[in-house]
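Everything on this sheet refers to the single structure shown next.
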Amino acid sequence: MTTPSTEIRSAITSDNSKRIAIKSAIIAIPLLILGFVLSKSFFYAEPGYIYHVRTVTGSEEVVSEVGYKFYPFGRYNAWKRAMTVQSINGATVNSINAEKDANEAAATLPPMSIMFLDQVDAHAEATVRFSIPTDKESFLKLAHEYRSPENLLRTALMPSFKETLQANASLMSAEEYYAGGRTEFNSEFEKQMNQGIFLVKREEISVKSNKRSKASANASLGQEQEEYGENEKTIFVVRKVLDKDGLPRIKNQRFLEFGITVVSALITDMKPNTKFIKRMQLKQQASADRAIAREQRVQEEEQRLLAIARGEREVAQRQAKAKVDQIQKTTEAETDKQLAITKAEKLKAEAAISKDTAAINLEKAKIESETIRTLSDAEAYKKKVILQADNALAQKLDAEIQIQKIWAEAFAVRKVPTTVFGGGGSSSTPVGSDAEVKAFMQMLTLDAAKRLNYNREMSK
C-alpha cells in the first residue's frame, strides 16, 4: 500500500524525465537537421576524377581539384579523367565500372570477333584508353549529352571501339597480318581511333605471276611453244576512298566532337580460327621443309665448294712447294752461276793483274837489265880504261900477291922431316930441302904468271 509521499515523489520524477526528454529533443532535432544539410552540401573530390556538380539554385560547376567541396543541397556525378575500354580473354559479358573501381578498366569486353579481308575470322584482344576534357565548357557539353559515364561508355566509346576494330580488320588479310603486317595493323587501328574510320571499297583484280611454269615441248608447234599452266591469279584489294584533294575520306569518331582524345590504342593478341591455324601450321611445316631443303642444298653446295677448295688448296700447296723448290734450285743455280762468274772474273782479274805485273816486272827487268848492262858497260869501260892506263898492273900485282900468299901459307905448313937423307946438292934426286921447295915455288909462280898472261911493265 503506497503512501501519499511515495506517489508525490513518483509524479515529480516522471515530470522531470519528460522535461529532460523534451529538452533533448529540442537540441537533437536542430543537430539532425544541420547534419543532414551538411551531408548534402559537402563531398570529397578524389584524385583522378572530375565532378559535375548541380546546386539547389540551378547552377553547375566542374570540380577537378582534390579535397572537400561545398555544394548546397545539390547533386554531383564523378567522371574518371581517363576511361579504358578493354577486350580481354576471360570476360564473358560486358562489365562497366565507371565510378567504383579506380584500378580496373572502365569497360571490360570479351575478345572481339573480327573478319579479315580474306574471310578469316579471329578473336582480337585490344585496349583503348580515352581522356575526357577538363575545361568547363567541353566537360559540361559532354555531361549534358551523355549525363553519366556509364552512358558515355555504353553509347559512344564501346561502339566506336568495336566498329573501329572490325573496320581495321577489313584493311588486311590474315595472311598479310601473320606474314609481317602486325605492326601496320596496329598502327592503322590507332590512327583510325584518333582520326576516324577510313571509307574503303573492296576490289577484285587479276594479277600476273612473274614465275613461268615449264612444260614439255610440242614438236608440232616448232618455235611457237605455248605457255604451260596459268600465270594469273585473282586477289582482293581494299582501297581507301579518296576525296577531290587525294586525301582518304573518313567517318569521324563521334566522341571527338566532345573533346575526348585517345591516349593509347593497342592490340594485344590475335587468335584466328582453327582452320586457319591448321593451314598456317601446314604452311609453316612446308616452309620449314623448304628451309631445311634449302639448308641441305646450301650444305651440299658448301660441301662441294669445300671439296673444290680442298682440291685447289692441295694443288696450290703442290704448286707452292714446286715453286719453292724451283725458286730454290733457280736461286742455287743462279748463285753457282754468279759464283762461277765471280770466280772467272776473279781469275780474269788476277790474270790481268798478273799480266800487268809481269809486264811491269818485264819492264822493270828490262830497265834493271839496261841498268846493269849500262853499269856493266860503265864498269867494263872503267876497267878497260884503267887496264889500258896501267895494263891492269894493280890487278895483276894483287893476283900475284894472292898467289904468293897462298904458296907462302902452304910452305909454312909443309911437313919437314927432321932428318933428310940424300946426296949432295948436285944430286938429281929431290929430297925436299928448302932450296928445292923454293925452286918449286918459283916454278909454280912462273907458271901462274904465264897463265895470267900479264907482264909487269907499265904500259906507255
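Could you count how many residues in segment 272-318 are surrounded by 10 or more Cβ atoms within 10 Å (Cβ to Cβ) and either among the acidic types (Asp, Glu) or within 30 Å of residue 119 (Cβ to Cβ) (or both)?
Total satisfying the criteria: 25.
Could you identify the single residue in 122, 102, 143, 126 that is at pLDDT below 85 and either crowded, with 16+ Cβ neighbours inside 10 Å or over 19 Å from residue 266 (Cα atoms) (or both)?
That would be 102, the only listed residue that is at pLDDT below 85 and either crowded, with 16+ Cβ neighbours inside 10 Å or over 19 Å from residue 266 (Cα atoms) (or both).
Suppose the filter is in the same structural domain as residue 168 (by TED's automatic domain parsing) and within 27 Å of residue 123 (Cα to Cα); does residue 281 pass it?
no
Scanning for something buried (at least 17 other Cβ atoms within 10 Å of the Cβ), in contact with a Leu (Cβ under 8 Å, 6 or more places away or on another chain), closer than 30 Å to residue 54 by Cα and modelled with pLDDT of 85 or more, does segment 154-165 turn up at least one residue?
Yes - at least one qualifying residue is present in segment 154-165.
Among the residues of segment 149-204, which ones are within 30 Å of residue 283 (Cβ to Cβ) and assigned to a strand (DSSP E or B)?
Residues satisfying the conditions are 198, 200, 201, 202, 203, 204.
Please give the number of the condition residue 248 fails out of (1) loosely packed, with under 13 Cβ neighbours inside 10 Å; (2) more than 30 Å from residue 80 (Cβ to Cβ).
Going through the list (1) loosely packed, with under 13 Cβ neighbours inside 10 Å; (2) more than 30 Å from residue 80 (Cβ to Cβ), residue 248 breaks only (1).
The values are calculated or read from the model by the stated rules, or taken from the named source; none is laboratory data. From a predicted model like this one, the values you see are computed outputs, not experimental measurements. Note that we place each Cβ from the backbone using ideal geometry, even for glycine, and neighbour counts take in every protein chain shown.
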